[in-house]
1. Pick from ALA397, ALA421, ALA406, ALA432: which is open to solvent by less than 30 Å² (accessible area, probe 1.4 Å), in contact with a Ser or Thr (Cβ under 7 Å, 6 or more places away or on another chain) and at negative phi?
2. Is it the case, given these coordinates, that SER136 is outside any helix (DSSP H, G or I), within 30 Å of the chain's Cα centre (by Cα) and of a type in the set (Ser, Thr, Tyr)?
3. Return the total of residues in the stretch 145-187 being over 26 Å from the mean Cα position of the chain (by Cα) and assigned to a helix (DSSP H, G or I).
4. Could you list, ordered by first residue, the pairs with Cβ atoms under 6 Å in which the first is in the stretch 14-33 and within 11 Å of VAL293 (Cβ to Cβ) and the second is of a type in the set (Val, Ile, Thr) and not in a helix (DSSP H, G or I), at least 6 apart or interchain?
5. Search the stretch 259-277 for residues that are polar (S, T, N, Q) and pair each with any residue that is in a helix (DSSP H, G or I) when their beta-carbon atoms are under 6 Å apart and the residues are at least 6 apart or on different chains.
6. Can you pull out the helices (runs of 4 or more DSSP H) entirely within the stretch 253-361 that have at least 1 residues that are at pLDDT below 85 and among the hydrophobic types (A, V, I, L, M, F, W, C)?
7. If a residue counts only when it is over 30 Å from ASP55 (Cα atoms), at pLDDT 80 or above and not β-branched (Val, Ile, Thr), which helices (runs of 4 or more DSSP H) contained entirely in the stretch 460-575 have at least 2 such residues?
8. Just name the residue that is surrounded by the most Cβ atoms within 10 Å (Cβ to Cβ) out of those in the stretch 1-22 that are assigned to a helix (DSSP H, G or I) and of a type in the set (A, V, I, L, M).
Amino acid sequence: MSAGQLAESLSHLRDALQRARLPLDLPGSTLTGRLQRDMVAQLDDYLLPRLDRLDAPLLAVIGGSTGAGKSTLINSMIGRAVSRTGVIRPTTRSPVLVHNPDDAHWFGPDRILPGLARSLQAANDTRTLQLVAEPSLPQGLAILDAPDIDSVVAENRALAAQLLAAADLWLFVTSAARYADAVPWEYLKSAAERSAALAVVLQRVPPAAMTEVPAHLGQMMADQGLGDSPLFAVPETVTDAEGLLPDSAVAPIRDWLAALAADATVRATVVLTTLDGAIGAVCRNAPKVATAVDDQASAIEQLRADAEGSYREAVRTVGVQTADGTLLRGEVLSRWHDFVGTGEFFRAVEQKIGWLRDRLVASLRGEPKEVNGVKLAVESGMEILIREEGEAAAERAESAWANQPAGRQLLGATRADLSHASDGFQAQVALAIRNWQADVLELVSSEGASKKSRARFLALGANGVGIALMMVVFSTTGGLTGAEVGVAGGTAVLAQRVLEAVFGEDAVRRLAQRAKLDLDARVEGLMAGELARYETVLDDAGVRPEAADAIRTAGAAVNEQRADDHRLTAPTREELEGFKATATQVPDRPALTAEVVEAELMPGSPADRATGSPSSLQSSESHQSSESPQSSESPKSFESSEQR
């Protein structure tokens, strides 16, 4: 499998991660969201550009804590000031990348860290990368000075993490006073987890502590799985007028980097080690994002189910109460009695059905004005019922959401008042009922147009027959009590007998069923429109359940190709011997000279110099200031390292 094919699979994984959304504040979602963004950034900044050109120069990122002396270290190794230093923090704002002039084309805007603008001048924003061409730096090696990982400026901290994630090699700088701080170790542990090529520089080590402190740090590194990473101890010393450290203090680090640059095989080994470790870390962490998407989707579906259940209950309640006789009381019943003749109706509900049927037929003939009163009463009764159930459904759904953290978050983020029915609900209900009544009239008109029923239908009138059919639709008396049961029951029986006289028993049953189904469908449509407000809030959250499967599928494809691509697997321990060093010293390096030891003691107090006592571990910028006596040793550059 080629690097291009692996890059294509990683690109698919990157897109799948990018599309995933974790908007709900669920347990662990904040950390997983940060992990997701970091992985996408690393794929964009490092993995995909590096896979595109494996032969690009090795990028060594110098990172570390505030005041550790990163910029001073880089300037001293180069032999001139290429990155600004200072006592006032934060010092480094825009990252500085130092490269050989012949390698300039490797660091264009479409290469490593494509999200950062390029500049040849110093800048003060975190979105600009300053490029510094340095002829003494060997080809195949670039050094990047990153902001402080523990900077008080959040943008600096974020940029430092971004740059370290884009490094082929981490050169981590700390000091004797701060090497045990928590923040640096978070980064070091991250390096160990993804098998990144790493070296640690311990700066400003007092003379008396040159044995104890590096050994302690080396043991800490070994405990965290970094025992094979080189550790360089730089003694506390003075700087010259240009703010550069003595050459002997930084020569081991410079020579080690120069050796990496000089050997293409070793350089490639370093790159492949970090690259494979970073890809492996992405593949291990991507399923965490997929699981988080599953959790988000589950929370969304629970909220959806709560809202749907509330409005489903509203549809059910209206469906029951428009069929159990609940509507055949109050104003509807009164207007119906006015329509058919109230006195005779109450006296002969059971004894004189035939006579009342004849009376009803006589009342219906000629479309009396009372028929409109019945229609309006039916319309009003149905409006009240549906509106009340719509309001109740909204209150139930809003309450269910408010009882869940994710629901409260969405309720707080939307401008809609989901605790009540929408502003237009009342008008929509009125329109739906009028349309239903019109359809009922159309239904009986179509049925009455047949040759068999036409004469009787015309004798009764469409409105009268339609009202009678509505009474039949509302006919089941399970919802009434007391005297209303008998009254409503008689009303339904009477209306049905009249309709049977016009259409026949089977036709009446069929017409009533169709009218009821039509009414139920309209009510369901009204409630669906109200439910849509909740659906919109859920959809706007942007959680896509399919994103989890896309991440898992893309991750599996990357893992499969990594297993097949022998060129990109991690080097063996034997292959790493060419650049690995012990945790406390660089192999084959001479011991530091007495001249440097003298320089370590010079910044101390007069009492220190008189007694020979060591300087304090709490070092400061004054220990490396240009006001201190200068070392007799002149600084050297990478060029002099090559000459040696």
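The values are calculated or read from the model by the stated rules, or taken from the named source; none is laboratory data. No experiment lies behind these values; they were computed from the predicted model shown. Reconstructed Cβ throughout: ideal geometry from the backbone, glycine too, with neighbour counts over all protein chains shown. SASA here: full protein model, heavy atoms, side chains in, ligands and nucleic acids out. Shrake-Rupley method; radii C 1.70, N 1.55, O 1.52, S 1.80 Å.
1. After ruling out the rest, the residue left standing is ALA397.
2. no
3. 3
4. The qualifying pairs are ARG21/VAL543.
5. Going by the 6 Å Cβ cut-off, the qualifying pairs are THR269/GLU575.
6. Once the helices (runs of 4 or more DSSP H) in the stretch 253-361 are filtered for at least 1 residues that are at pLDDT below 85 and among the hydrophobic types (A, V, I, L, M, F, W, C), what remains is 330-340, 342-347.
7. Because the criterion is at least 2 residues that are over 30 Å from ASP55 (Cα atoms), at pLDDT 80 or above and not β-branched (Val, Ile, Thr), the helices (runs of 4 or more DSSP H) in the stretch 460-575 that meet it are 462-473, 505-540, 546-564.
8. LEU13
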